[in-house]
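Notes follow the structure.
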Amino acid sequence: MGIRVTSAGALSTIQDNGRIGFMDFGFSPSGCMDQESMIIANLLVGNNKNEGVIEITYGGFSGIFTSKSIFTITGADISPAINGKSVSTYKAIEVKEGDILTCGYAKTGLRSYLAFHSGLYLKKVMGSLSTNRMCKIGGYMGRELRAMDLLFFNTTTPTLKKIHKREIVPPVFSSEVVLRGLRGAEYSLFSDDSRRVFFNSEYTVTKDSDRMGIKLDGAVVDSKAGFDIISNGMGLGEVQITASGLPIVMGVDRQTVGGYPKIMTVASSDMHYAAQVRPNDRLCFEELSYDKLVKICNKRRKVIYNLSRLWK
Amino acid sequence: MNLKSNISDIKYFPVADSGVRMDFGKKIDRDINDSVMKIYNAVKAKPFCGVYEIIPSYCSILFIYDPLLTNYNKIVANLQRLLRSENSNNSLKSKLVYIPVCYGGDFGEDINDVANHTKISVDKIIEMHSSPEYLIYMLGFLPGFAYLGGLPPQLTTPRLKNPRTKITAGSVGIGGEQTGIYPLDSPGGWRLIGRTPIKPYDPYRDNPFLFRAGDYIKFVPITKDEYYMIEDQVKCNKYFCKSIVYGA
């Protein structure tokens, strides 16, 4: 068995590392917005790093365990409790059949990741468990979770080595974030003045932000060539300057091709922070050299993968 | 590799630490796109280690890679080697896919509007729309949505001022100078001239997508009865679109 959802909060969907290899067919990869938190959650409960998890937005998720389990919640702190008693995030927690999980709402950060030992028993679509809501496929019936949904785990007899050691210090999410990255392929389409404006301005996250992209408000950026360029492929973290002159940071549910110029791409290591910004948070951009960027990202990846060795 | 465009015009850009952008030029034209497709077909046939997305567009390709398995320099070196190589036997071949379409009536609500705008009769519109072999420049916007090149310019009809909130999947339309098939129910502003009973995209099919960038499409007019017959076969997974190797 597994867990029965009693409340799904604002938006909870099942995601993994995405539906890989279909972007050339117009298919958005979906997957967790904050992949780093997903990986840590899976490693904490002894899963393969890309196992399916529940991505909870803002909080408010609750459920009843219908079998024994070991779970954890990473990402934004949503004050989880088992049977009314507070439990830590970023820690593997053992529960038994009938235990009730309730979560509050995040005060900082936006997305939380609920991982269960052995992962969720669901059919993959096109190689992935990720929910693509536009196409209504993947995850749980191709939609966001709702009260009464019943999820199954891949095992009802969880066993995990060194459970008591499976705990790390949670990160702190700030409402003022700097996203570092590399100048974009269309950087030359922006004048010196425009580039200065973009890299020196503080932008505000708007409430229209979602998994497709983080929409920002603030100083307008002009493009020499106007805003209609020939459409080309869009990577995660690419920052498009749209017709309004305002930036959007591309998310996991982005369209696969786009016709607006891209001034910068956010480093993979910093997408962890980008995925956690809330409406009204402030955001700045910083340009790095390619070598510096690679160094930072490699270092970050090493730190995360070394976590799994802690509990072998 | 015999490319129609100049190799020295090709530019490479890193996309943070996980992508490579390969730019072939700055306009929509057959020669540039031909070069894009040659590289796309070659890399799809023999993928580079660590590269997991290859997204072609009119005049560029975006490669997305896993930084644990490869890096920008390795990918660019592989691409340059590919450009210099003589052998293109290992590439995927483009195919020509025949798409059955029932034009007009309930399936093509706007065909009379198109006739009024273009001053061409409905019968002639059907004949003109179904004669070209349309090149698929790329797929995007929606899964399986093909950006087609080759609509006879006389059929150009402006988009609706007020887009529909729902266009049925399979609808074939004209929007400005473009034509295409809506693969999913979606909002849209194109003029609907017909509908196909086949599914360009089906997530549960072995091959979820009927065609890809670089393939060609030819629309084949069918009657209403044929439409319903094919629709039934599609439901049972028993209909297969005719397709041949392009240029065969």
Members of the range B:177-207 found to be under 14 Å from the mean Cα position of the chain (by Cα), of a type in the set (S, T, N, Q) and surrounded by 20 or more Cβ atoms within 10 Å (Cβ to Cβ), listed by number: B:Thr179
The range A:163-185, subset assigned to a strand (DSSP E or B) and either in contact with an Asp or Glu (Cβ under 6 Å, 6 or more places away or on another chain) or not aliphatic (A, V, I, L, M) (or both), residue surrounded by the fewest Cβ atoms within 10 Å (Cβ to Cβ): A:Glu176
Residue list for the range A:246-298, filter: facing another protein chain (nearest Cβ under 10 Å), in a loop (DSSP other than H, G, I, E, B) and over 19 Å from the mean Cα position of the chain (by Cα): A:Gly259, A:Leu288
Of all residues in the range B:186-217 being closer than 24 Å to B:Pro163 by Cβ and small (Gly, Ala, Ser), the one that is farthest from the other protein chains (Cβ to nearest Cβ): B:Gly194
Condition check for A:Met38: out of contact with any Leu (no Cβ under 6 Å at 6 or more places or on another chain) and modelled with pLDDT under 95: no
Long-range neighbours under 6 Å by Cβ, at least six apart or interchain, first residue surrounded by 17 or more Cβ atoms within 10 Å (Cβ to Cβ) within the range A:139-156, second at pLDDT 95 or above and acidic (Asp, Glu): A:Tyr140/A:Asp149
Any pair with Cβ under 8 angstrom, 6 or more apart, that starts in the range B:219-242 at a residue that is under 25 Å from B:Gly149 (Cβ atoms) and ends at one that is in a loop (DSSP other than H, G, I, E, B) and hydrophobic (A, V, I, L, M, F, W, C): B:Cys241/B:Ile198; B:Cys241/B:Leu210
Residue list for the range A:1-41, filter: assigned to a loop (DSSP other than H, G, I, E, B) and among the basic types (Lys, Arg): A:Arg19
Verdict on B:Leu68 being within 14 Å of chain A (Cβ to nearest Cβ), over 18 Å from the mean Cα position of the chain (by Cα) and assigned to a loop (DSSP other than H, G, I, E, B): yes
Top-ranked residue of the range B:54-65 - restricted to ones that are within 7 Å of another protein chain (Cβ to nearest Cβ) and under 23 Å from A:Cys297 (Cα atoms), ranked as surrounded by the most Cβ atoms within 10 Å (Cβ to Cβ): B:Leu62
Count of the range A:226-245 residues which are assigned to a strand (DSSP E or B) and either of a type outside the set (Asp, Glu) or surrounded by fewer than 22 Cβ atoms within 10 Å (Cβ to Cβ) (or both): 5
Residue in the range B:28-42 that is farther than 30 Å from A:Val249 by Cβ, under 18 Å from the mean Cα position of the chain (by Cα), part of a helix (DSSP H, G or I) and within 12 Å of chain A (Cβ to nearest Cβ) present: yes
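The values are calculated or read from the model by the stated rules, or taken from the named source; none is laboratory data. Being a predicted model, the structure only gives us computed values, none of them experimental. So basically every Cβ, Gly included, is an ideal-geometry build from the backbone, and we count neighbours across all protein chains shown.
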